[in-house]
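Scroll down for the structure; my scribbles are underneath it.
The values are calculated or read from the model by the stated rules, or taken from the named source; none is laboratory data. Everything numeric in this text was worked out from a predicted model, so none of it was measured. Glycine also receives a Cβ, built like all others from the backbone with ideal geometry; neighbour counts cover every protein chain displayed.
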Amino acid sequence: MKFSFAALASALVLAGCNTGQVPSRPVAEVAAARAAQDARRAEGIERVYAFAVPFAYARQIARNCRRYDLNRQRQFAAEQDVRALLREAGLNERLVFSTLETPEFKRRVQDDGIAWIQKRGIVLSDRETFCAAGDAEVAERSEIASYLR
């Protein structure tokens, strides 16, 4: 395939041409609206994170320690609260949840998970350490403990 510098130059010139059309909204207004939307999205992601991470840790405790079970009523109520907050903020659930799949977000979840495991002294192959972690969460009356019974 032959590359044409003339075609590239023409494209660049045309891209910079003024079409004479006035934008329907000033650039500053569009930028402000986008910034507000980005802030709402970031807040929505933080709300989802604030629910999902403690619940995930509680689920691991319940899966690995027979003394604990998940508080499904608390889980359901928290999920409904998160969905309502996203709706109130005008956020699309799919858009927020797609952000949770980004490598940066996955890294954050991983790093926070490792920090929690280390903080609680959990040994993944020792179920009793999950029980001790659950006991510590309950003693602190943490968000994680709120998902345990």
Does S125 fit the bill of being of a type outside the set (V, I, T) and in contact with a Pro (Cβ under 9 Å, 6 or more places away or on another chain)? no
Selected residue (criterion: modelled with the lowest pLDDT) from residues of segment 56-81 that are surrounded by 18 or more Cβ atoms within 10 Å (Cβ to Cβ) and over 18 Å from A132 (Cβ atoms): A78
Name every residue in segment 129-148 that is under 14 Å from R63 (Cβ atoms), in a helix (DSSP H, G or I) and of a type outside the set (S, T, Y), in order of residue number. F130, C131, A133, G134
Is it the case, given these coordinates, that T129 is closer than 22 Å to R34 by Cβ, polar (S, T, N, Q) and either surrounded by 14 or more Cβ atoms within 10 Å (Cβ to Cβ) or in contact (Cβ under 8 Å) with a residue 40 or more places away in the chain (or both)? no
Checking the conditions here, which among V30, V53, V22 is under 30 Å from R107 (Cβ atoms) and either modelled with pLDDT under 80 or assigned to a helix (DSSP H, G or I) (or both)? V53
Just one of G134, G90, G121 is at pLDDT 95 or above, surrounded by fewer than 16 Cβ atoms within 10 Å (Cβ to Cβ) and not hydrophobic (A, V, I, L, M, F, W, C); which is it? G121
Please work out which residue is farthest from R40 (Cα to Cα), limiting yourself to segment 87-123 and to residues that are among the hydroxyl-bearing types (S, T, Y) and assigned to a helix (DSSP H, G or I). S98
